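What follows draws every value from the coordinates through simple rules; no lab data is involved. As the structure is a prediction and not an experimental result, all values here were calculated from the model. Here the Cβ positions follow ideal geometry from the backbone for every residue, glycine too, while neighbour counts run over all protein chains shown.
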Amino acid sequence: MGKDRVRRILEAAAELPPGERTGFIERECAGDPGLQTEVKSLLAALEAAEEFLIAPTARPDDAPTADGPRAGSSLAQQESPGTVVGRYKLLQVIGEGGFGTVWMAEQTEPVLRRVALKIIKLGMDT
């Protein structure tokens, strides 16, 4: 399987509306089930990454107000080992700076892996 062919099909499929992607991939990969499987797998990973980037990590009712975090909200609490932020479980602090804290975290979805996660201090995200 040529990487260029996989890339070409994947890029073209990603440009299509979601409802048209499967049919396009099946037509482009006709006679090559391995290619079809690879492209569909990569497209699923791409879609999951896009979903991750637009999905909020806090519920809207936890959103900070002009006076700061709402009382009782998860944002009012200091992060600590074991805190879950979206798909990540905080394990230990790696470093801290003016804008936030970098944590070693465990990603739980779509794969289980260790990552570095920077938690931005309130007010530093503008």
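Determine the sum of side-chain charges near residue 89: Lys and Arg each +1, Asp and Glu each -1, restricted to other residues whose C-beta is under 12 angstrom from that of residue 89.
Local charge sum for residue 89: 0.
Would you mind checking 3/40; 3/118; 89/121 for any pair whose Cα atoms are more than 22 angstrom apart?
Among 3/40; 3/118; 89/121, the Cα-Cα distance tops 22 Å for 3/118.
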